[in-house]
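Student: Following this message is one structure expressed as structure tokens.
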Amino acid sequence: MAYRLVYEGRHKDKYRAEKGHVLVLAAKIGGEDVLVTRDEVKTYVNDPEFNYYFNVYQMVKLWGMPNGKGWAEEDKNVIEAITALELEAKALESEEVANAGKRTS
């Protein structure tokens, strides 16, 4: 969820109290609807755990696994976080391709 908000640039939205409860993201996670309003965005993207794993994910994308010995030698939490972020990135890419195809049809 936090990755999608960062990806869509919602973390840069200027917060205005009168717009606080405006819906900025509606998604399904595990078949359940998840709704995020503008005043909730910072809670998602400023979470220390998300930021740590997001930074690890970015470093892995640029430089490879931290220990340099492959996924089997990495911390389980790091692997799970990288997997979750990569799956979300792929889902976003897939949605963009699908939407681009609809626009050209």
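Student: Working only within the stretch 41-76, note down all residues that are part of a helix (DSSP H, G or I), exposed (fewer than 15 other Cβ atoms within 10 Å of the Cβ) and in contact (Cβ under 8 Å) with a residue 12 or more places away in the chain.
Tutor: Step one: of the stretch 41-76, the residues part of a helix (DSSP H, G or I) are 41-45, 48-63, 71-73, 76.
Cutting the leftovers down to exposed (fewer than 15 other Cβ atoms within 10 Å of the Cβ) gives us 42-43, 48-49, 51-52, 55, 58-59, 61-63, 71-73, 76.
Once the filter is applied, which keeps residues that are part of a helix (DSSP H, G or I), exposed (fewer than 15 other Cβ atoms within 10 Å of the Cβ) and in contact (Cβ under 8 Å) with a residue 12 or more places away in the chain, the stretch 41-76 yields only LYS42.
Student: Right, something else. Determine whether the stretch 83-99 contains at least one residue that is surrounded by 13 or more Cβ atoms within 10 Å (Cβ to Cβ) and hydroxyl-bearing (Ser, Thr, Tyr). Don't jump to the end; show me each part of the working.
Tutor: Initially, the stretch 83-99 is screened for residues surrounded by 13 or more Cβ atoms within 10 Å (Cβ to Cβ), giving 84-86, 88-89, 91-92.
Checking the rest, the ones that are also hydroxyl-bearing (Ser, Thr, Tyr) come to none.
No: the stretch 83-99 contains no residue that is surrounded by 13 or more Cβ atoms within 10 Å (Cβ to Cβ) and hydroxyl-bearing (Ser, Thr, Tyr).
Student: Assess whether ALA72 counts as being within 29 Å of GLY20 (Cβ to Cβ) and modelled with pLDDT of 85 or more.
Tutor: Numbers: within 29 Å of GLY20 (Cβ to Cβ): no; modelled with pLDDT of 85 or more: yes.
No: the conditions fail for ALA72.
Student: On the given criteria, is THR37 among the polar types (S, T, N, Q) and surrounded by fewer than 13 Cβ atoms within 10 Å (Cβ to Cβ)? Spell out how you get there, then give the answer.
Tutor: Working: among the polar types (S, T, N, Q): yes; surrounded by fewer than 13 Cβ atoms within 10 Å (Cβ to Cβ): no.
In short, no.
Student: Being over 19 Å from LYS28 (Cβ atoms), outside the structural domain of GLY9 (by TED's automatic domain parsing), at pLDDT 90 or above and out of contact with any Cys (no Cβ under 7 Å at 6 or more places or on another chain), is that true of even one residue in the stretch 87-105?
Tutor: Within the stretch 87-105, none of the residues are over 19 Å from LYS28 (Cβ atoms), outside the structural domain of GLY9 (by TED's automatic domain parsing), at pLDDT 90 or above and out of contact with any Cys (no Cβ under 7 Å at 6 or more places or on another chain).
Student: Further question: Give the residues of the stretch 7-41 that are under 18 Å from LEU87 (Cα atoms), in contact with a helix residue (DSSP H, G or I) (Cβ under 9 Å, 6 or more places away or on another chain) and among the small types (Gly, Ala, Ser), sorted by residue number.
Tutor: Result: ALA27, single match.
The values are calculated or read from the model by the stated rules, or taken from the named source; none is laboratory data. Computed from a prediction, not measured in an experiment: that's the story for all the values here. Here the Cβ is made from the backbone with ideal geometry for all residues, glycine too, and neighbour counts use every protein chain on show.
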